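Working notes, structure below.
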Amino acid sequence: METFDVVVIGGGVVGTSIACHLAMLGARRVALLERGTLGGGTTAQSSCILRTHYSVREDAELAHAALRIFARFAGYLDDPEAVSGYNRCGLMIVAPEGERAEALKATLAVERTLGIDARDLSTAEARERHPLVDFGDIAHVGFEPDAGYADAHLVLSSFARGARRRGVAIREGVNVTGLLRDSGGRVTGVRTSGGDFGAGTVVCAQNIWSREVAVWTGIALPLTISRHAVFTLEGPTAYTKDLPVLKDLASPAKLYLRSYATRQLLVGDGNEGEALAAPDTEQADVPLDYVVELGEQVAHRLPAFADAGLATSWTGVYDVTPDWNPVLGPLPGIDGISVAYGFSGHGFKLSPIVGRLIAQQVLAMPTDFPLAPYALERFATGRLLAGRYGTGAVS
Ligand SMILES: Cc1cc2nc3c(=O)[nH]c(=O)nc-3n(C[C@H](O)[C@H](O)[C@H](O)COP(=O)(O)OP(=O)(O)OC[C@H]3O[C@@H](n4cnc5c(N)ncnc54)[C@H](O)[C@@H]3O)c2cc1C
């Protein structure tokens, strides 16, 4: 039986980041096991927005740390060829009068105390930064100049290369089917379609497939699975890549909008999505009714896109926890296993820092930020990570 110090399950952006960071922090024998191919999970469907605007303070801190890694990606990974595709176009958040404007102002203020460049803009300033936006029904505008978006394939392949270069064994086509445990219950390895592997620690980064971990361990892992549609519009006006990502808290769908392929507009929504009974990454239809409904909201905010046509669409699936925040770290009552799941639509931007934190925890090093707020136990104690926007994708 092959034995490793750490076996990571899952070759998405989170698993590859964890494997890469384990090796960067000195772990010698690390394996990453992926049942399909690297990036074949939900990472490929990500909208890849990098923002630090979170009303949950801990999330803002992690997102800020991750953004700093994206900003010096090649140097951080010590790989001149590593690229993330980070486009620092900024994020503009617009809110209508009332609770959402108050939540926006308060969140920007807290972000500033964390050292994040988070600004309140006058309408005139906002118009200058984003001439396509209709601010008629907007009471408050926030702006983060360092936010933007990146590229899922580039980031994942940079982590994978960083892991391989440092000696991590990456095995694709290996399906993990169970855990090996010793007589005391400690996890000592994994059962797979390619035989058993011994492991000092097993790290599960299985995203929407994390219910498997619940079956293997007998520990309930709160997780709902929901499908979200994303589409792009193209019209006479280009949504160029220098225009900020836009979060529209005034729209019924809590739209997010960003440049795509230089002139198209990528449209996503901040709603709950379509609940799925089981993980399913097959592409689903994006109903035209949905495109029309969101398209009207887009046209309200960006009148120049009123006549834009549908260019492309796809669906992707979120791994959602009850407070729309991830579970990070060890599982209670079982030695030798850690998890990173439940990213609820935030996992791409957090992947660099989550990889680092989980690697630090597994290697018994001090973690850059406490993992305790993200512990599974919070669902039993009621210490949920809920912020000013309530639970949901804004967080
Ligand atoms: C439509 C959409 C838009 C999004 N937009 C954003 C955004 O703008 N910003 C942001 O930060 N985040 C966003 N996200 C979220 C982010 O993309 C995800 O949180 C992140 O990509 C998940 O990465 P992962 O590594 O956890 O999962 P995955 O990429 O799904 O990887 C998990 C892997 O584990 C493997 N696996 C599972 N079980 C086993 C097993 N038993 N044995 C072997 N392998 C196994 C799977 O095959 C899979 O490849 C979005 C997500 C979607 C769907």
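General observations
- Quarter the surface of the alpha carbon convex hull of segment 13-98 and you get the mean projected area, 8.1 square nanometres.
- Residue-normalised accessible area of the chain, expressed per residue, 1.4 Å probe, Å²: 39 Å²
- A straight line joining the Cα centroids of segment 56-81 and segment 274-298 runs 31 Å.
- Spin-label model distance (nm) - S183 vs E377, 7 Å beyond Cα toward Cβ: 2.9 nm
- Cα-Cα separations in segment 98-195 greater than 18 Å, expressed as whole percent: 71 percent
- Listed peptides 306-318, 89-101 by packing density, highest first (mean Cβ within 10 Å): 89-101, 306-318
- Calculated over segment 61-122: convex hull of Cα atoms, volume per residue (Å³): 96 Å³
- Base-10 log of normalised Debye intensity for the chain (one unit scatterer per alpha-carbon) at q = 0.06, 0.14 Å⁻¹: -0.23, -1.21
- Paramagnetic reach from R28 in segment 203-228 [backbone N under 20 Å; point 7 Å along Cα→Cβ]: 203
- Charged-residue dipole, Cβ positions (Lys, Arg, Asp, Glu), segment 289-360 about Cα centre, Debye nearest 20: 360 debye
- Mean Cβ neighbour count within 10 Å, used as a protection proxy, ranking 55-61, 18-24 highest first: 18-24, 55-61
- With 0.36 nm allotted per residue and the present C-alpha distance subtracted, the R263-A74 stretch has 65.3 nm of extension available.
- Share of alpha-carbon pairs per 10 Å distance bin for segment 329-395, given as whole %: 18, 50, 29, 3
- For segment 133-233, the set of trypsin sites (Lys or Arg not before Pro) satisfying both a DSSP loop assignment and a count of at most 16 other C-beta atoms within 10 Å is given as R186.
- Backbone HN-Hα couplings from phi across segment 208-225 [Karplus 6.51/-1.76/1.60, Hz, Gly and Pro as x]: 5, 9, 5, 4, 4, 5, 5, 5, 5, 9, x, 9, 5, 10, x, 6, 10, 10
- Mean-square fluctuations from a GNM of the chain, with a 10 angstrom spring cutoff on Cα atoms, peak among A169, A139, A220 at A220.
- DSSP beta bridges in the chain [antiparallel fraction, %, rounded to 5]: 70 percent
- Ranked packing of 9-15, 347-353, most packed first, by mean Cβ within 10 Å: 9-15, 347-353
- With the simple spin-label model, which puts each label point 7 Å out from Cα in the Cβ direction, the D368 to D196 separation comes to 3.7 nm.
The values are calculated or read from the model by the stated rules, or taken from the named source; none is laboratory data. Small disclaimer: the values here were computed from a predicted structure and weren't measured. Reconstructed Cβ throughout: ideal geometry from the backbone, glycine too, with neighbour counts over all protein chains shown. Note: accessible area is taken over every heavy atom of the protein model, side chains too, but ligands, DNA and RNA are not part of it. Shrake-Rupley method; radii C 1.70, N 1.55, O 1.52, S 1.80 Å.
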